[in-house]
Every structure is written in C-alpha cells, then in structure tokens.
Amino acid sequence: MKEGQPQAIELKNYQVPPYLIDSTELHVEINEDVTRVTTTLQVRKNPDSTAMVTDLVLNGAVELVNKSITINDRELLSNEFGRDQDLLTLYAVPESFTLRTQVDIKPQDNTALEGLYKSGDMFCTQCEAEGFRNITWFLDRPDVMSKYRTTINADKRRYPILLSNGNDIARGEEGERHWVTWEDPFMKPAYLFALVAGDLQHVDDTFVTMSGRAVKLQIFTEAHNIDKVDYAMLALKNAMRWDEQAYGREYDLDIFMIVAVESFNMGAMENKGLNIFNTSCVLARPDTTTDQGYQRVESVVGHEYFHNWSGNRVTCRDWFQLSLKEGFTVLRDQQFSATMGSPTVCRINDVATLRGAQFPEDAGPMAHPIRPDTYIEINNFYTATVYEKGAEVVGMIQTLLGPDQFRRGTDLYFDRHDGQAVTTEEFVKAMEDATQVDLTQFRRWYSQAGTPVLKIQSHFDSAEQTYTLSVTQSCPPTPGQTQKLPFHLPLAIGLLDQAGADMPLTLMDNEAVQTPQVANVQDEAGSHTVVLNLTEARQHFVFTNISEKPVPSLLRGFSAPVKLNYDYSRDELMFLMSHDSNGFNRWDAAQRLAVDVIQEVVEQIQQGRTPQVDPRLIKACESNLDQAVARHTDLTLDKAMIAEMLVLPAETYLAELFTVADVDAIHAAREAVRLAIATQLAGVLLAVYKLNQDDRPFDVSASEVARRSLKNVALAYLMVPENTEMVPLCVAQFESANCMTDTSAAIRALVNSASPLALQAKEKALTTFYGRWQDEALVIDQWFSLQASCPLPGALDRVKALMQHSAFTMLNPNRLRSVIVAFAFQNNVNFHAKNGEGYGFLADTVIALNSINPLVAARILSPLTRWRKYDEQRQTLMRQHLQRILDTENLSKDVFEVVSKSL
Ligand code: PHE
Ligand code: ZN
C-alpha cells in the first residue's frame, strides 16, 4: 500500500455517534451519464455523546463529486469544510441544523456493486455494510437511525418502475421523465436503504397477517424472468405465516417487495420493505432449477423476510455485532426449512456446510469469534463463522433453555429492543432475564474463536451397573488467542442397548442438568436423549442402572459445533447406522465409518500399497440400497436419508481431518472407495436407479425430491467405473429429463466420466445444453460450473478456455463464481496441482478482480490462504502467489486484509 497500511477497527474503541440524523430526504435524479443525489438531513448533536467535538465528519467515497453543501440553506464557503478522499468534515457546526448536500455519481461505472449500480439495464442499490456512503455523504454506521423519504426521478420509458423502502406516497410526470416519492415510517440505519429503477414486470399477491391486515406482496423481475417467481411467492407466504406461529412476529408495512437482479455480490439483502435478491436465490422453474436450487430459494426468501424482525426492527449497534442479526436469522431460516421439509435431512446439510466451510475457517489464518474484535474491512466478515456458527450458538441457547423458555427469551428481546441498535450482549441478557438461566460462561462462544474438540471415553462397570462417560474439552489456539477457557455447551446423548433400543437414563448426581425438552436435536419415537451441561475442561457423567454395555450415541443432532473424538469400532458405527433413534446420528455414524475407511486407504496409497476397502463399508451401503429396493413403495421410507448415507464425505472435509492434507492421496482414496462401492454393488444400484426412474410430472414435494436424489446418487455411482456400460442410460436421462435436477445430474455424470464411451456423449451433451439454455443465465452458470469442477485431469486448461468463452464475464459475480469457485473450492486435485499452476491462476484472477470488485476478489482468494494444510512444496508455491498479490499496486482493503493476515 502506498499511503500506509489500512487501519484496523477495534470493538473496544466503540463510541456512540457524536451526531444523530433524525430524518433523511433523498432526491435521486437518474440519468445515463450522471446521477445527481440531493440529500437533506436533520442533524443534531447526540445527547448521549460526551465527545467534545464541534466538527461533523461524514462518510463518503472518492467517487462523490461535490456540487453543493449548505447548512440551514446557506452555501458553505471553501474554508468551512474539508474534503479528504472519502471523508467530509464540516467545521464548527451548530447543535442542530439542516444539512443539504448535492453530489454527482456514476452508477454505470460502479463495478464493485456496492452503493448505487447498474445490473443490466436497471439501477439498483446494495448498501450493507457500507455502501450508502457511495451514494451520498452520511453518518454511515448502523447506530445512526433515521427516517427516510426518497424521491426517484428518471426517464419514463426506460425506467417505468421506481421503488424504494416503505410506502409510495406521491408520483408525477414531467415530459419524458417521471418521479415517485417513497416514505418509510420506520427508523432505520443506512445499510437498509434501497432503491430500484428499471423496466420490470411484477407478480402480485396478498398476505393477511395474524391481526387481519392485508399486505400487498410483489416480486419484480425483468420480463424474461417473470415466469420463474411463483415458487418464491409461495415461500414468502409460508415464511410470513411461519414467523407468526414460531416467533409471534407479524409483518409491519402494507407492502413487501422483492426485486431480482442479475449482478449481485451475495445471496440477497433484507432492505426494509424492499428486499433485493440475486436471481439465483429467487428464480425457480422446473426445467431450469434443480431441487437444491428450489431449497435455496425457500431458505433465502425466508432468511431475508425473517430479518424484518431479527435485523431491521432490532438492528446492530456496530458491525462487530453482525452475528446478532445473521446468526439468529440463519437459525430462523434453518428452522423454517426444517418445518417445510425433512428436519433430519436439513440438519445433515447444515452440519455438512458447517464442517465443510466453517471448520476450515476456524482452523485458518482468518479465524475469528462469531463476534470479531477487530477488522480492516467488514466485508471480509460475512463468513461461515458469523453466519453458520452464529446460528449454532443461538441454537445451543435454545437447546439449553428448551423451546418454550427460548421463545420467552426471544419475545423479551424483540419487545425490549424494538427500534434499537443493540449488541449480542443484549441478546444474551434478554435470554437470561426471561428465564433466570445463567449464561455467563456461555458468553465465551461470542469471544473465543476455534472449533472445540471433545474427547470422550467410556467405562462400563458391570458389578456396579454403571456407565461412565469421561469428557475432556479443549480448543486449539487461533490467531491472537493462544489460551482458551472451557466452553459451556449442551452435549446431547443417548445410550443404545444390545437390541439397539435407547436405554432410559438416570444420572448418578445432579450436577449435570437434564433438559427434558431438547429443541434442536429432533428426537424420534423411542428416543431417550439427555442433554449434559458441559462446562469444565474435564467432566465425568455416571449413569446408573445400566445392566449391559451400551453403545453411546454422542452429540445427537450435532448439539454443539465441536469436533468429537470417540474411539468407535467400525462394528459399533454400523450398529449405530442401523439402530440409532436419532436420524442425524445414523447419518453421522455412516460418515464416521466412511471417513475411517477412506483414511485407511489414504495410508495404503501413501505407502504404495494396493487400496483395500473395508468390506463393512460396502456392506453398510448395500443394506441401505437393499432397503431402498425392498421398501421402495413404502411411504415411510426416507429415500433422501438413504441418499445422504450413500454420499461420501467431501474432499475438503476429509482434508480438514489431516494435519497435512495429501490432496492427491485423499482424492485417489475417495475415488477408490467410490469405485469399490460402484463395482461391488452395481446390481443393486441399477435396481434402485430403475425403481426410482419415473416420468410423472414434476413436483417439488419432499418425497419427489427424495426420489430424485436417491436415483441420481445411484446414477453417479453407476457412471464411476471407467468401463461402465451405463453411458447410454445416462444419455437417455439427459435427453428425456423433465426437470433440471435430472438433466444436471445426467450431464454432470457424463462430464465427470473417464469412460472412453462418454467422450463423445459429453461433448454432444455440453453443446446441446448450451444451445438449449443460452438465454437462461442461471442455467449457463451451471454449464460453466460443472465443467470447471470436473476432477478429471486437464481442468485448468478447460477453465482457461471457459474464461475465453463469449458468455464469460468477470463483471457478473454469479458467472465469475461459476468458474472460479467451482475450480478453486470444488476441484481440489486440480487446483492443488503440484506445479502450482492452479495457485498462479487464482492469484492472477484475484489481482485482475481487485480493481473491479474487491469484495468478491477477497472472497475467492480463501483457498490460497489455507497453505498451512499442505506439503512444503505446495506451501512455498502458495505463499509465493500470496506475496505476489500483496505486492500489487492499489490493493483494496478487502484483499489486503485477507492476504496480509494469511501470510
Ligand atoms: N445481509 C445479507 C443477508 O444475510 C447479506 C449481504 C451482505 C448481502 C452484504 C449483500 C451485502 O441476508
Ligand atoms: Zn442475513
């Protein structure tokens, strides 16, 4: 960095804002060359501030071109203010005054997609976290809440739709132009401001709230996408109803709008009354969208809607509190999805995400607590830790309190802090005050980073008829935190007798509290789960009246975000897989067994031996598949669960489990295990495939999603052997599929196949697919992604060729990610090629993107930051390329922070 290194911001330096802005009136005049923003603010000194200041310092951006600054209608002289890059200082301002500023901006040149920018032909905004300052001078911090009135003025023909937050209160026309004024009755921080101008279609609906108010619902898209919003509308209505029932939260405006935009940095944004969505999180149609895509739409629509209370009505005091809204809202959207679909399958997917994305973060150079205490660029903290681990932390509170008490806590929280900008401390305090439960030690989850490790040992005493679990917990050091104190966590467990039934449990002493209702564990019939309160580094739990040696089912439902070590035998894991009354733990036993077997094969490969896949793993898969055949018409059989049990743990997760991850051996071992399953179970796999191949009309019901997922898992296995005879079957599915789930599973299997027979078929399929879908951006994203993630040799060349394709652009984050994330995050063997070419390529891409879109540049760079996990040669190469990025001129704060912290 030329002008010195960017400054870190620290939580401990927080001070209340010296000034407040009671009202904000915006006048945005949109033109093709410049957009003029006139802002009128009612400013007054904050009575709670003790700062002895008379200057007002406003946030802005270098791109703001000043046209005028007035205080109480008097234009300021050049010695009455100072402008330094992105700050505007007004000297010696009155106690209370009207400030009017006028700036020119060029949204059409805004490739960072923060503030006001153009997505295709439409104008839209993204203000979280600090985008509002790219639009106008402001106190751009979440504890400055203001009442907004916004007038948008634009060309009538090009931008017939003009939207902002709140209610549409006035409109008018002037020749070729028109204007609309919106007023939001709720005070809000600037990050929740939104504005849209475009030629948009909309679908309308109504929702009647629990108190009988009719709310108008509108989803806006460009014309070619308006046929893909029905599912989002349904999800929205379900979410609104669910939040009333589960949390007693009612919607508060008369209108709720969603706008779909093609260029968007993240998933979606909860702006008050005007959510803006990445098309990938709102559009769905059977022939263009996979079942996973449908699930994503449902969960993101829910997530953004739920923010109306957890985020908007009660917002964050500062950005260190981000998990206050995000962790809680992720928990809420997970609970919503679980109610709408299969709770166990939802939990499995959530935990797989946590292990695959958050655990590595906690083990890497950017590790931070869910409430970080320092940052350089807040954009870098929209992480799996703040979101997904944050959700686990709130989920643990729910498990410790029980669902009814938890609800009392959330009611108190919303009630007490409505209209305020608060901290995670206030959230925890509300939980305590509503329930009299002491969460003092629990608060460490907010301040300590790292994934705790539980080591559990068991002892059965047949004479005493007792069973003892000895639990130790520890947490590895993370940057800036070498010593950790023990966490308070709920350890949900059950004990299985030899017939596989849950034993009723009694603890010897009562120092560990038994929680009768276990919120997050999702107990099934016949479960006797208890929740042990873990608080110390070392603890013993003695169960009495245990007449035979049990098999323990530990951490049921993944009751805490920890790594669990228990020395299970493979036979015990198989036993749990078929008998555990907790569905999540049945799956987890299958994962543990697969991990164990793959790790053994990794060693064999490293020692140059021929891989021997433990037949017990094959047997376990076989019995699952046999069930799927025998009971295939049985409606109580959860086919989605069977499919989940057959999927081997991802390479990224496996890599996490080794101190030094031997990428090649891990890949080879996982492939060897897949091949063993595929060849030894070919018959039953084909039977399962055929029984579940069906051409009834598309339907996203849970049972149909489950059927398709089982079928497509079988298809993927059938296509594994190099000499597979299933290519024609796969081609047939590709050609006759009636939904994108089946089309995409088939083309993926073809593309990933090493069979010489598939060679021609895959080229043909790729061409057909492209031709058929070239006008559907989200489908073409899949076309890019499935090629870039293909683990066969030569991926980097394919990726480079894809980037030369006429449909590739770095300006659209979805398109960029469809290639770069697919390669660097999902294609381990190729990205980590020993010669370092994958690293060089990613570094080049980050450097190019740094000046276009810093937020996305910093996000895609994370695979390089994990260099400590690899062998010395790779470490050296990865660090060289990180250094090369760091030496780049004009490095953004976003990229600088990630690279400098990782070196
Ligand atoms: N607040 C958004 C969400 O979680 C995420 C987001 C952050 C979107 C920053 C855009 C920019 O739902
Ligand atoms: Zn969110």
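The values are calculated or read from the model by the stated rules, or taken from the named source; none is laboratory data. All values derive from a computational prediction rather than experimental measurement. So basically every Cβ, Gly included, is an ideal-geometry build from the backbone, and we count neighbours across all protein chains shown.
At-a-glance table
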item	result
Cross-chain or 6+ apart pairs with Cβ under 6 Å, region 550-571 first and at pLDDT 95 or above, then among the basic types (Lys, Arg) and surrounded by fewer than 20 Cβ atoms within 10 Å (Cβ to Cβ)	Asn565/Lys455; Arg570/Arg616
Number of positions in region 753-772 that are surrounded by fewer than 19 Cβ atoms within 10 Å (Cβ to Cβ) and either on the phi > 0 side of the Ramachandran plot or in a helix (DSSP H, G or I) (or both)	12
Matching residues, region 836-864, being in contact (Cβ under 8 Å) with a residue 40 or more places away in the chain and among the polar types (S, T, N, Q)	Asn850, Ser851, Asn853, Ser862
Filter pass, Thr743 being among the polar types (S, T, N, Q), over 26 Å from the mean Cα position of the chain (by Cα), closer than 29 Å to Phe808 by Cβ and part of a helix (DSSP H, G or I)	no
Spans of strands (runs of 3 or more DSSP E) in region 517-600 with at least 3 residues among the aromatic types (Phe, Trp, Tyr), buried (at least 22 other Cβ atoms within 10 Å of the Cβ) and in contact with a strand residue (DSSP E or B) (Cβ under 7 Å, 6 or more places away or on another chain)	none
Residues located in region 301-333, provided they are of a type outside the set (S, T, N, Q), near ligand 2 (Cβ under 9 Å from one of its atoms) and within 20 Å of Val282 (Cα to Cα)	His303, Glu304, Phe306, His307, Glu326, Val330, Asp333
Some residue of region 292-300 being free of Cβ contacts under 8 Å to residues at least 60 places away in the same chain, of a type in the set (D, E, K, R) and more than 11 Å from ligand 1 (Cβ to nearest atom)	yes
From the options Ser806, Ser818, residue that is modelled with pLDDT of 95 or more and in a helix (DSSP H, G or I)	Ser818
Scan of region 75-112 for residues that are of a type in the set (S, T, N, Q) and under 13 Å from Thr136 (Cα atoms), ordered by number	Thr101, Gln102
Long-range neighbours under 6 Å by Cβ, at least six apart or interchain, first residue more than 16 Å from Thr659 (Cβ to Cβ) within region 865-882, second among the polar types (S, T, N, Q)	Thr865/Ser902
Enumeration of residues in region 821-840 that are surrounded by 18 or more Cβ atoms within 10 Å (Cβ to Cβ) and either charged (D, E, K, R) or not in a loop (DSSP other than H, G, I, E, B) (or both)	Val821, Ala822, Phe823, Ala824, Asn828, Val829, Asn830, Phe831, Gly838, Tyr839
Extreme residue, surrounded by the most Cβ atoms within 10 Å (Cβ to Cβ), among residues of region 245-259 that are among the charged types (D, E, K, R) and over 24 Å from the mean Cα position of the chain (by Cα)	Asp252
Options Val663, Val688, Val673; residue that is at pLDDT 95 or above, in contact with a His (Cβ under 9 Å, 6 or more places away or on another chain) and farther than 27 Å from Gly293 by Cβ	Val663
For Thr353: the one exception among (1) away from ligand 2 (no atom under 16 Å from the Cβ); (2) surrounded by fewer than 22 Cβ atoms within 10 Å (Cβ to Cβ)	(1)
Meets criteria (within 27 Å of the chain's Cα centre (by Cα), surrounded by fewer than 22 Cβ atoms within 10 Å (Cβ to Cβ) and not in a loop (DSSP other than H, G, I, E, B)) for Phe414	yes
Qualifying residue in region 272-291 (condition: closer than 25 Å to Leu811 by Cα, within 14 Å of ligand 2 (Cβ to nearest atom) and of a type in the set (D, E, K, R))	no
Residue match in region 214-231 (condition: away from ligand 1 (no atom under 16 Å from the Cβ), surrounded by fewer than 24 Cβ atoms within 10 Å (Cβ to Cβ), among the hydrophobic types (A, V, I, L, M, F, W, C) and in a helix (DSSP H, G or I))	yes
Residue among Val65, Val57 that alone is among the β-branched types (Val, Ile, Thr) and exposed (fewer than 13 other Cβ atoms within 10 Å of the Cβ)	Val65
Every residue from region 391-409 that is among the charged types (D, E, K, R) and surrounded by fewer than 24 Cβ atoms within 10 Å (Cβ to Cβ)	Asp404, Arg407, Arg408
Any hit, region 256-263, residues being more than 15 Å from ligand 2 (Cβ to nearest atom) and within 20 Å of Val386 (Cβ to Cβ)	no
Enumeration of residues in region 257-272 that are within 15 Å of ligand 1 (Cβ to nearest atom) and either of a type in the set (A, V, I, L, M) or more than 17 Å from Glu326 (Cα to Cα) (or both)	Ile258, Val259, Ala260, Val261, Glu262, Ser263, Phe264, Met266, Ala268, Met269
Number of positions in region 867-888 that are in contact with a Ser or Thr (Cβ under 9 Å, 6 or more places away or on another chain) and among the aliphatic types (A, V, I, L, M)	3
Only one of Ala661, Ala643, Ala620, Ala668 that is over 23 Å from Gly557 (Cα atoms), among the small types (Gly, Ala, Ser), touching a residue at least 24 places away in the same chain (Cβ under 8 Å) and part of a helix (DSSP H, G or I)	Ala668
Which numbered condition Pro343 fails, given (1) more than 24 Å from Thr652 (Cβ to Cβ); (2) away from ligand 1 (no atom under 16 Å from the Cβ); (3) buried (at least 23 other Cβ atoms within 10 Å of the Cβ)	(3)
Scan of region 433-482 for residues that are crowded, with 19+ Cβ neighbours inside 10 Å, over 27 Å from the mean Cα position of the chain (by Cα) and assigned to a helix (DSSP H, G or I), ordered by number	Ala434, Thr435
Identity of the residue in region 309-334, basic (Lys, Arg) and within 18 Å of the chain's Cα centre (by Cα), that ends up farthest from ligand 1 (Cβ to nearest atom)	Arg332
Looking only at region 382-405, and only at residues there that are within 23 Å of Met269 (Cα to Cα) and not in a helix (DSSP H, G or I), the one that is nearest to ligand 1 (Cβ to nearest atom)	Tyr382
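Each row is one residue, and each column tells you yes or no for (1) surrounded by 23 or more Cβ atoms within 10 Å (Cβ to Cβ); (2) in contact with a strand residue (DSSP E or B) (Cβ under 7 Å, 6 or more places away or on another chain).
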{"position": "Asp104", "(1), (2)": "no, yes"}
{"position": "Glu128", "(1), (2)": "yes, yes"}
{"position": "Arg157", "(1), (2)": "no, no"}
{"position": "Leu163", "(1), (2)": "yes, yes"}
{"position": "Arg171", "(1), (2)": "no, yes"}
{"position": "Val196", "(1), (2)": "yes, yes"}
